[in-house]
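The values are calculated or read from the model by the stated rules, or taken from the named source; none is laboratory data. In this text, all values refer to a predicted model and were calculated from it rather than measured experimentally. Positions of Cβ are backbone-derived with ideal geometry, glycine not excepted, and every protein chain shown enters the neighbour counts. We work out accessible area using only protein heavy atoms, side chains counted, and drop any ligands, DNA or RNA first. Shrake-Rupley method; radii C 1.70, N 1.55, O 1.52, S 1.80 Å.
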Amino acid sequence: MKGYEHQAQYYETDQMGIIHHSNYIRWFESARIWYMNEIGVDYAGMEKEGIISPVLEVHCTYKSMVHFGDVVEIFPKVESYNGVTLELSYRVVDKASGELRTTGSSKHCFLNRKGRLRSLKKENPLFDRAFCRALETDGI
């Protein structure tokens, strides 16, 4: 299975020359949107329909450092989904060595523009089925 690929940029480094910890959360977000598109859930399309998916929680565990120029693959996976909430896990792996660099998770809900909870089962059965398939089959 392929993952979301990212080459570490110079501006993402800190004073010690390693990727600043805050950037991993951004990488998770990019990987989540990529992953959703891969499984058939167009996030831009979801927003056009008035459904947004804010972050409720995010966790990150740093295993080893990523440096400027390193290429990593981020592997998102649906861990739980019930139509109203979605939880994903992430593995950040060095593309060249295969070494695990970081793990994490994020939890999201689905809201309308007024901030009211929405069920994808009712609002968009196509997206609901895509998330259910990803949960059953480990995604892509």
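Miscellaneous remarks
- Some residue of segment 15-24 being crowded, with 20+ Cβ neighbours inside 10 Å, over 20 Å from PHE68 (Cβ atoms), touching a strand residue (DSSP E or B) at 6+ places or on another chain (Cβ under 7 Å) and of a type outside the set (D, E, K, R): no
- Just one of (1) open to solvent by 10 Å² or more (accessible area, probe 1.4 Å); (2) modelled with pLDDT of 95 or more; (3) under 19 Å from ALA130 (Cβ atoms); (4) out of contact with any strand residue (DSSP E or B) (no Cβ under 7 Å at 6 or more places or on another chain) fails for GLN9. It is (3).
- Among residues of segment 15-27 that are over 15 Å from LYS63 (Cα atoms) and without any contact (Cβ under 8 Å) to a residue 40 or more places away in the chain, none has a Cβ under 8 angstrom from a residue that is surrounded by 11 or more Cβ atoms within 10 Å (Cβ to Cβ) and of a type in the set (Asp, Glu) at a sequence gap of 6+ or on a separate chain.
- Test set (1) modelled with pLDDT under 95; (2) in contact with a Gly (Cβ under 6 Å, 6 or more places away or on another chain) - PHE28 fails condition number: (1)
- Helices (runs of 4 or more DSSP H) enclosed by segment 37-140 - at least 3 residues per element that are open to solvent by less than 60 Å² (accessible area, probe 1.4 Å) and modelled with pLDDT of 95 or more: 125-137
- For GLU57, the criteria (1) under 18 Å from ALA130 (Cβ atoms); (2) without any contact (Cβ under 8 Å) to a residue 60 or more places away in the chain; (3) acidic (Asp, Glu) hold in every case but one, which is (1).
- SER64 meets all of the listed conditions (1) touching a residue at least 24 places away in the same chain (Cβ under 8 Å); (2) of a type outside the set (Asp, Glu); (3) under 21 Å from PHE131 (Cα atoms) but one, namely (3).
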